Structures are given as structure tokens and as C-alpha cells.
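Let me begin by presenting the structure, written as C-alpha cells, before commenting on it.
The values are calculated or read from the model by the stated rules, or taken from the named source; none is laboratory data. These numbers were taken from a predicted model, which means no experiment stands behind them. Glycine gets a Cβ as well: all are built from the backbone with ideal geometry, and neighbour counts include every protein chain shown. For the accessible areas, the whole protein counts, side chains as well, though only heavy atoms, and no ligand, DNA or RNA atoms are used. Shrake-Rupley method; radii C 1.70, N 1.55, O 1.52, S 1.80 Å.
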Amino acid sequence: MKLKYGAEKVNLNMERLRKQVEVLLPNEREGLVDPLETIEDCLEDPIASSSLEQLLAEKSPNNVVIVVNDVSRLTPYEYMLPPLLDVLHKAGINKEEITFIIATGIHDPNTEEQNRKIFGDDIVDNYRLISHDPDNDLVDMGELDTGNRFYLNREVLEADFLITTGVITPHYFAGFSGGRKSILPGVAGRDTIQNNHAHMVNLVGNLPRIEDNPVSLEMIEAARKAEVDFILNVVTNSKKEIVEVVAGDLEAAWYQGVNVSAEMYHVPIKHKADIAIVSAGGYPKDINIYQAQKALDNADYAVKDGGIIVLLAECRAGLGEDVFEEWLNNSKKPEDNVERIREKFVIGGHKAFAISKVVLNKEFILISEFNQEFTELMFAKKMNSLDEVLSYIEDKYNHQYSTIIMPQGGLTVAIVE
């Protein structure tokens, strides 16, 4: 079996795994035959909303903002944006009246090279495209129901018409991406994001239903407060093909997409295994450990306490975040990060906590570009190949162990029946 690792694939010798092997794959749908036509149809006949054309006619906006994903969220914009822009231009809106704001949250801004790869030369050369800054040019929108102070990107607030775009996939504490996440964390202030994400301390490894998830509910309130006019979201399969398009109302359309995503990526298992061998899904899902950690968390649901999680994640961009690195450098044992996050929640530190929470009960083996020192910072054992891993497991378990293989670990969530 071949497992994705960066832009490459590595071979897993299935014969050495012997008995009790389960390959956990998403219940994937085939890609749409004509995604462009489907998107056009959804813009004309959206969910719980008037058509995009009609909404634009009613508002006659002079300043349209389209919120788009950053480089860490692989989104098929080559299909999504042309029909969207076509409707806008037919409504009389000029290129100069459209701004794309990249929902970076607290991530680094996109480079021009990344923007050209994601959005294409036509958009980069002809439209205004800016990355959100979580520390500057924000507006205080008051308190959310939770008491969290909501700071919002000024240009998003000042838009005459606000459209958000995204892809709906499982998320390790928000439940699912897409929809409301374009606003919070996408274009919110750092403090707002940090306070929202603080809820994850009680959610990691024990997610409630999406309708009851406090992180998600706060995100929805923020997006409503930002007055999102229209959303365009997609669900994709592991081939990056669009399998479902949802457009229209912020909540109704997104929840419909969530149902499709859950049907695909929440995969039932009868029993937890001794071992999980997990690929984060290749680049960009394993661009850094900050992103690849999601696969570790998904595998946590599939492995018995005392078992082993083997994660393949190239991590060509390293750890991925400075605060995360600082927390790892200043912890001697996993318990340090668990105690520290409960004393004060800090973005970046939450990733150190998430990894530490897993390794409290499981052994973590990492195949990556990290050296021994950096691997051990994550309380992981460094190995250089799957053959080395299999030899280690065979010696430890004397060939008596059960294995779950997760080729799409960043997307596949194991649900024990």
C-alpha cells in the first residue's frame, strides 16, 4: 500500500502486518461530472436564500468583499471563483469594486507566489487581494453571548456585500471547517480567536454534536454579526474533486454541507486497535506539524490506551508557528503543556496541548523531515521508514497486535460503534 508523504508516496508492506488489519478510508463520493455547472446552478437556486443575482440587485453594492481561504486550506478556487465573479460582473460590479480578503486567522500572510498558485494570474493581476492581519485595522463589534469580545477586519465590516467561501472538512475541535469559520477565526482579531479556541481544552478527544459545539456556535454568532450575505462552500474528496456544492444562507447551506462531509469522513469502527499507521494526507496537509497534528488527533480515536500512533508527515515548513515552538521548548513532559493551557489559553500553545494530550496515553512515532531533537520536543520517537517502524512494532508486540491504517488521516475520523 502507498501512503502520501509530502508530494511523494511511501510503501507500506502489508504482508508484514499479518492479521487484524483494517484500512480506514472515507466513504467517498465520486467527483461531480461538471462542477462549474453545478456551482452556477447553486448560485441561481441557493439554500434558504434568494439567488445571488437577486440579492445583488436588491443591495446594488459598490464594495463587494469575498473572503477566501489561505494556503493551508486546499480549496478548488479554479471552479468556485469564475462562476461567482461572472454573476457579480453581470450585476454591474466592476473589478475595482471587488476585494478578496484571505482568511489567514493568525497564520502568516500568503506570498504572491502562493496567491498565483491558489487563485490564478487573472485574479492576482486584476483584483485587489489582501491577507487579513489579526493585529491591525480591526473594529470592536462588542461582546458575543459568551462574553468574548469580537474584533473584526475593518474592510470586511465596511463591505456593502459580503460573500464567504470555503471547503467543509472535519476539524478536531470546531467539528467542521467552512461556513462560519471564514469570519471567526478567518478575519477576526487575535484575542477573539484565542478566546474562541480556548474552549477546545474541554473538547479535544470528546467532541459534542456539531449543533451543540460551543466553539462552532460562537463562530456562527460572529459570522451573523459580521452580516455575511451569501456563502459558497464545497465538499471535496481525497482526489480534491468537488462532490457537493452548497450556497446561500450562512447556517442552512453550511449545515447541509456538514451532513455530506460527515457521511464521507466520519467512519465507524467496531473496536480500537493496538496500532494506527496514519498519513496526514500529503502536501499541504503535512506542510508543517501545526497542520499535520489534526491527523494525530483523528488517529487518537482509533487507538487503545497504551497503543502506538505512527504518523507520516513530511513537515517541510517545520513546526509552523512560533508560540507552538516556544511551548515545546519549555516543556519537559506532556503534563507541562496540559497544566499550562489550563492556567492560561494561548494560541499556538493549544497545538502543544493537543499533541501532549494524545501522548499521555499513547506512544507517538513520527516519520518526518524533523531531526531527532525536534521530534523529541513533541514527545515522539523518530523513525526514518515504515520498515523500521514495523520491526519495532513486531519486537514490542511479538506479532500479536491489531492495526488500523488511515491513508487520509487528516480527513478520516474514527467513530467507535
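Return yes or no: is Asp133 part of a helix (DSSP H, G or I), modelled with pLDDT of 95 or more, open to solvent by 10 Å² or more (accessible area, probe 1.4 Å) and over 28 Å from Val338 (Cβ atoms)? Before you say what the answer is, go through the steps one by one.
Numbers: part of a helix (DSSP H, G or I): no; modelled with pLDDT of 95 or more: yes; open to solvent by 10 Å² or more (accessible area, probe 1.4 Å): yes; over 28 Å from Val338 (Cβ atoms): yes.
Considered against the rule, which asks whether it is part of a helix (DSSP H, G or I), modelled with pLDDT of 95 or more, open to solvent by 10 Å² or more (accessible area, probe 1.4 Å) and over 28 Å from Val338 (Cβ atoms), Asp133 comes out as no.
Please list, ordered by first then second residue, the pairs with beta carbon atoms under 8 Å, 6 or more apart or interchain, first in the range 39-50 and surrounded by 15 or more Cβ atoms within 10 Å (Cβ to Cβ), second small (Gly, Ala, Ser) and assigned to a loop (DSSP other than H, G, I, E, B). Close Cβ pairs satisfying both conditions: Leu43/Ser51. For the condition hydrophobic (A, V, I, L, M, F, W, C), surrounded by fewer than 22 Cβ atoms within 10 Å (Cβ to Cβ) and in contact (Cβ under 8 Å) with a residue 12 or more places away in the chain, Val139 qualifies.
Yes/no matrix, rows are residues, columns are (1) surrounded by fewer than 18 Cβ atoms within 10 Å (Cβ to Cβ); (2) touching a residue at least 24 places away in the same chain (Cβ under 8 Å); (3) over 23 Å from the mean Cα position of the chain (by Cα):
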| residue | (1), (2), (3) |
| --- | --- |
| Arg16 | yes, yes, yes |
| Glu30 | yes, yes, no |
| Pro35 | no, yes, no |
| Thr75 | no, yes, no |
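Taking the numbered list (1) surrounded by fewer than 24 Cβ atoms within 10 Å (Cβ to Cβ); (2) of a type outside the set (D, E, K, R); (3) touching a residue at least 60 places away in the same chain (Cβ under 8 Å); (4) touching a strand residue (DSSP E or B) at 6+ places or on another chain (Cβ under 9 Å) in turn, Pro185 passes all entries but (1). Scanning the range 251-282 for residues that are within 13 Å of the chain's Cα centre (by Cα) and farther than 30 Å from Phe230 by Cα gives Ala280, Gly281.
Counting the residues of the range 78-99 that are buried (at least 19 other Cβ atoms within 10 Å of the Cβ) and touching a Phe, Trp or Tyr at 6+ places or on another chain (Cβ under 6 Å) gives 1.
Output the residues belonging to the range 334-374 that are hydrophobic (A, V, I, L, M, F, W, C), over 30 Å from Val10 (Cα atoms) and surrounded by fewer than 20 Cβ atoms within 10 Å (Cβ to Cβ).
Pass one, the range 334-374, residues hydrophobic (A, V, I, L, M, F, W, C): 338, 341, 345-347, 352-355, 358-360, 364-367, 370, 374.
Going one step further and asking which of them are over 30 Å from Val10 (Cα atoms), we end up with 338, 341, 345-347.
Val338, Phe345, Val346 - these are the residues of the range 334-374 that are hydrophobic (A, V, I, L, M, F, W, C), over 30 Å from Val10 (Cα atoms) and surrounded by fewer than 20 Cβ atoms within 10 Å (Cβ to Cβ).
The single condition among (1) touching a residue at least 40 places away in the same chain (Cβ under 8 Å); (2) closer than 18 Å to Val358 by Cα; (3) part of a helix (DSSP H, G or I) that Gly306 does not meet is (3). Out of all the residues in the range 65-96, which are of a type in the set (Asp, Glu) and at pLDDT 95 or above? Result: Glu78, Asp86, Glu96. On the stretch given as the range 381-400, residues that are assigned to a loop (DSSP other than H, G, I, E, B), farther than 20 Å from Asn11 by Cβ and in contact (Cβ under 8 Å) with a residue 60 or more places away in the chain total 1. Residues that are more than 30 Å from Asn398 (Cα to Cα), open to solvent by 10 Å² or more (accessible area, probe 1.4 Å) and not in a loop (DSSP other than H, G, I, E, B) within the range 261-293 comprise Ala262, Glu263, His266, Tyr290, Gln291, listed in sequence order.
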